[in-house]
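Peer 1: Here it is, the structure, as structure tokens.
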Amino acid sequence: MSNIKFDVLTADHLHFDKVTLQPVHAGWLSSNGVALDVLRLDRLHPVISGNKWFKLQFYLQQATQYGAGNVATFGGAYSNHIVAAAFACHLLQIPCTGFIRGEATATPSHTLLQAQSYGMQLQYVSREAYKNKDAIQRQYPEYYWIPEGGYGFTGARGAAGILQLVTNIEKYTHIIAATGTGTMLAGIISAINTGKQVVGVSAMKGNYALHQQVAKLLPVGHPAHFDILHDYHFGGYGKHPAPLMEYIRQCWQQYQLPLDIVYTGKAFFATEQLILSHTIPSGSDVLFIHSGGLQGNLSLPAGTLPFS
Ligand SMILES: *Cc1c(COP(=O)(O)O)cnc(C)c1O
């Protein structure tokens, strides 16, 4: 964060002081001899929350260094990345364009309306054309392009900074995080020594390429061992059936932990299951990364969840 504009953004807009380690107290932890702390990255900022700031920072720094007249990126109608990019560009006063998968609808998602309110130009792209993002990028060579979801080395390098917020990182035996593109997970893995188990919980159904996607972003020769779990998608990306909603309500009532419906609710559920099944053994110290995403809950009807 050496760039001057970024220092301004950091000091004025991001709440690093609010990012705490929240210990979770629950019967399923004490009876299994496991300790669990949640890194509350969601508290960094209500819009550029969680991992999004970290993943975007070096892309945006480059965009300002190159003097880019326009930043552009890709995402779906419920993309936290789109909103975060829109808001960051708004703060940095860089015009930006979001290329959105699918046709425009009469009632755009809350996410897209929010992105638009921060000045992002939305350009809808048919699902067919969206598959060939390179072709779209070639039409606008003057733009500074951030890959979909911030995926790439630049994004992972930013995400590596997440663990700097954890003072006592040595003590943890396991780090668990929700996973979309795998960029955050790659950053986390590259920032730690071996000897810790890193577990990514995929928010998508059957996205088996994810392991390779993470591996591609690791430094050459990194002796990483990590696991990706594919069984906690609750029906697929963006799906939030009643049992997941009920679980999220319970987590709020029991631990005052607000979780999002796309990523962290599923990953926290997976964490509990891993502990209950002794896959994470007694004596373990688990760090769960709350990667944010709570703005996505705003797409639910008001009052659906007991927090917002
Ligand atoms: C975007 C997002 C993720 C996924 O991060 P990747 O780096 O794409 O794997 C996880 N959790 C939340 C809350 C997110 O918004």
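Peer 1: Only one residue in Leu287, Leu298, Leu259 is within 16 Å of the ligand (Cβ to nearest atom), open to solvent by 50 Å² or more (accessible area, probe 1.4 Å) and within 22 Å of His45 (Cα to Cα). Which one? Full working, then the answer.
Peer 2: Numbers: Leu287 fails: open to solvent by 50 Å² or more (accessible area, probe 1.4 Å); Leu259 fails: open to solvent by 50 Å² or more (accessible area, probe 1.4 Å).
Unique residue meeting the criteria: Leu298.
Peer 1: Condition test on Glu148, is it under 17 Å from the mean Cα position of the chain (by Cα) and acidic (Asp, Glu)?
Peer 2: Details: under 17 Å from the mean Cα position of the chain (by Cα): yes; acidic (Asp, Glu): yes.
Yes, satisfied.
Peer 1: Six or more apart or on different chains, Cβ atoms under 7 Å: show the pairs whose first residue is in the stretch 139-155 and over 13 Å from Ile82 (Cβ atoms) and whose second is within 12 Å of the ligand (Cβ to nearest atom) and open to solvent by 20 Å² or more (accessible area, probe 1.4 Å).
Peer 2: Tyr151/Thr181
Peer 1: Right, another one. Take the residues in the stretch 262-284 that are touching a His at 6+ places or on another chain (Cβ under 9 Å) and over 20 Å from Gly180 (Cα atoms), then tell me which one is nearest to the ligand (Cβ to nearest atom).
Peer 2: The residue in question is Ile280.
Peer 1: Kindly provide the set of residues from the stretch 13-51 that are under 14 Å from Ala159 (Cβ atoms) and either of a type in the set (Phe, Trp, Tyr) or out of contact with any Leu (no Cβ under 9 Å at 6 or more places or on another chain) (or both), ordered by number.
Peer 2: Of everything in the stretch 13-51, nothing turns out to be under 14 Å from Ala159 (Cβ atoms) and either of a type in the set (Phe, Trp, Tyr) or out of contact with any Leu (no Cβ under 9 Å at 6 or more places or on another chain) (or both).
Peer 1: Which of the numbered conditions does Ala177 fail, given that it passes all the others? Conditions: (1) within 12 Å of the chain's Cα centre (by Cα); (2) more than 18 Å from Ser284 (Cα to Cα).
Peer 2: (2)
Peer 1: In the stretch 91-126, how many residues are out of contact with any helix residue (DSSP H, G or I) (no Cβ under 9 Å at 6 or more places or on another chain), closer than 26 Å to Leu44 by Cα and crowded, with 17+ Cβ neighbours inside 10 Å?
Peer 2: Number satisfying all stated conditions: 1.
Every residue, every condition in (1) part of a strand (DSSP E or B); (2) buried (at least 20 other Cβ atoms within 10 Å of the Cβ); (3) touching a residue at least 40 places away in the same chain (Cβ under 8 Å); (4) within 11 Å of the ligand (Cβ to nearest atom), yes or no:
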{"residue": "Asp37", "(1), (2), (3), (4)": "yes, no, yes, no"}
{"residue": "Pro46", "(1), (2), (3), (4)": "no, no, yes, no"}
{"residue": "Lys52", "(1), (2), (3), (4)": "no, yes, yes, yes"}
{"residue": "Gln62", "(1), (2), (3), (4)": "no, no, yes, no"}
{"residue": "Ala72", "(1), (2), (3), (4)": "yes, yes, yes, no"}
{"residue": "Ala84", "(1), (2), (3), (4)": "no, yes, no, yes"}
{"residue": "Phe87", "(1), (2), (3), (4)": "no, yes, yes, no"}
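Peer 1: Does Pro147 count as open to solvent by 20 Å² or more (accessible area, probe 1.4 Å), within 14 Å of the ligand (Cβ to nearest atom) and more than 17 Å from Gly50 (Cβ to Cβ)?
Peer 2: yes
Peer 1: Considering only residues of the stretch 176-201 that are part of a loop (DSSP other than H, G, I, E, B), open to solvent by 30 Å² or more (accessible area, probe 1.4 Å) and more than 10 Å from the ligand (Cβ to nearest atom), which is modelled with the highest pLDDT? Spell out how you get there, then give the answer.
Peer 2: Going residue by residue through the stretch 176-201, those that are part of a loop (DSSP other than H, G, I, E, B) are 180-182, 192-196.
Adding the requirement that they be open to solvent by 30 Å² or more (accessible area, probe 1.4 Å) leaves 181, 193-196.
Cutting the leftovers down to more than 10 Å from the ligand (Cβ to nearest atom) gives us 193-196.
Values: Asn193: 80, Thr194: 78, Gly195: 86, Lys196: 94.
Residue satisfying both the conditions and the ranking: Lys196.
Peer 1: Can you tell which of Gln57, Gln93 is within 19 Å of His13 (Cβ to Cβ) and free of Cβ contacts under 8 Å to residues at least 12 places away in the same chain?
Peer 2: Numbers: Gln57 fails: free of Cβ contacts under 8 Å to residues at least 12 places away in the same chain.
Within the list Gln57, Gln93, the selection yields Gln93.
Peer 1: Here's something else I'd like to know. Suppose the filter is within 21 Å of Thr20 (Cα to Cα) and more than 13 Å from the ligand (Cβ to nearest atom); does Thr173 pass it?
Peer 2: On the way: within 21 Å of Thr20 (Cα to Cα): yes; more than 13 Å from the ligand (Cβ to nearest atom): yes.
Yes: the conditions hold for Thr173.
Peer 1: Kindly indicate whether Tyr208 is open to solvent by 50 Å² or more (accessible area, probe 1.4 Å), more than 13 Å from the ligand (Cβ to nearest atom) and farther than 27 Å from Leu60 by Cβ.
Peer 2: Values: open to solvent by 50 Å² or more (accessible area, probe 1.4 Å): yes; more than 13 Å from the ligand (Cβ to nearest atom): yes; farther than 27 Å from Leu60 by Cβ: yes.
Yes: the conditions hold for Tyr208.
The values are calculated or read from the model by the stated rules, or taken from the named source; none is laboratory data. If you're wondering where the values come from, they're calculated on a predicted model, not measured in any experiment. Neighbour counts are summed over all protein chains in view; Cβ atoms, including those assigned to glycine, are modelled from backbone coordinates with ideal geometry. When the accessible area is computed, the model is the full protein with side chains, heavy atoms only, and any ligands, DNA or RNA have been set aside. Shrake-Rupley method; radii C 1.70, N 1.55, O 1.52, S 1.80 Å.
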